[in-house]
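Throughout, read-outs are computed from the coordinates displayed, never taken from laboratory work. Here the structure is a predicted model, which is why all the values come from computation and not from measurement. Backbone-built Cβ (ideal geometry, glycine too); neighbour counts: all protein chains shown.
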Amino acid sequence: MRVLIVKTSSMGDVLHSLPALTDAMQALPGIRFDWVVEEGFAQIPGWHPAVDRVIPVAIRRWRKNWFSAENRADRKRFYQELHRQNYDCVIDAQGLVKSAALVTRKAHGSKHGFDWHSAREPIASLFYNHRHAVLWQQHAVERTRELFAKSLGYNKPKQLGDYAIARHFPTPLNDNAGNYAVFLHATTRDDKHWPETHWRNLLGLMTNSGLSIKLPWGAPHEEARAKRLAEGYDFVEVLPRMSLEEVARVLAGARFVVSVDTGLSHLTAALDCPNVTLYGPTDPGLIGGYGQNQFTLRRGDKMTDNFPEDVLKLLKDEIHR
């Protein structure tokens, strides 16, 4: 059975879809998937053992200059690639009009997706041949697992979902493996940031832990923040700029991670690494860390000064093992 997944973005949303593939792989032996995903996240689907072909799409980039010759040529190449295969089932797990109209509508196969009351943008449901009711009041991972189960005709498993990508990043067999933690300090929304003073306080509390701390970054202003956080601490390393796969390898080898609400926090969960995610204005109930040893800390709409101590309480066993 050959299935096309349409789940283009964001990083967290793409990662949240992986357990649904594992369910389907176990329920329907031999099933294989192709996946349409935004070009910036194209590395992720290929980490799952059930995915054969990743088809990058560039809707975000095209929208900036839709009618340019370069973007028209890009779209032509994309649709040629999309039409290489006739699918037994096309599952639109995005639930947005742009993905439904530009991708799902033009794919070859019977189209499944959320119904009018379940989709993030109800009009998207009009592009599907089969529409499925999926309750909102459950974690995003469980919503996608339910959509796949209803689309492909099996019962959704009751046990915790399995991302099935940790095995793609085996822990290195050397003396330094697991002797460090990663602090994910960067996020796109200003109101999701943890104050730099709080990070510095937490680093100060880690001084005698025997662990080194690694600080990744993705943009120049994030690198500058990482350097400010690391100043004066010889056990803190500001990492070089890395690809998503390189960052994943660092996360996979960490003793634990402390993160703000960001896509890399969900990647940490998918890699089965213990993680404390620091939440400010967003609600972790429906889109928080999903998996084993995932902890959340939240103080309403404002993160308070005792968060560094709270983090260490949650990670006490990981720090001292």
XL table Lys76/Lys98; Lys7/Lys111; Lys98/Lys192; Cα-Cα > 20 Å flagged, in table order, is Lys98/Lys192
Only helices counted: for the chain, with every DSSP H run of 4 or more residues adding -39500 (n - 2.57) and the sum spread over all residues, [θ] at 222 nm is -9500 deg cm²/dmol
Taking Cα atoms, the helix 11-27 axis meets the longest principal axis of the chain at an angle in degrees (rounded to 10) of 60 degrees
Among GluC sites (Glu not before Pro) in region 209-263, those in a DSSP loop whose Cβ has at most 14 other Cβ atoms within 10 Å are Glu231
In debye to the nearest 20, the charge dipole size for the chain, taken about the Cα centre with +1 at each Lys and Arg Cβ and -1 at each Asp and Glu Cβ, equals 1100 debye
Expressed in angstrom and ordered largest first, the alpha-carbon extents of region 172-320 along the principal axes are 41, 33, 30
For Glu146, Glu121, ascending order of other Cβ atoms within 10 Å (fewest first) is Glu121, Glu146
One finds the C-alpha centres of region 193-248 and region 252-271 to be spaced, in Å, by 14 Å
Once normalised by the length of region 1-112, the mean sequence separation of its alpha carbon contacts under 8 Å that are 6 or more apart gives a contact order in percent of 30 percent
proj_area_mean for the chain (convex hull on C-alpha atoms), units nm², value 17.2 nm²
Within the set Phe235, Phe183, Phe67, GNM on the chain using Cα springs under 10 Å gives the largest fluctuation to Phe67
A convex hull over the alpha carbons of region 2-164 yields, per residue, a volume in Å³ of 103 Å³
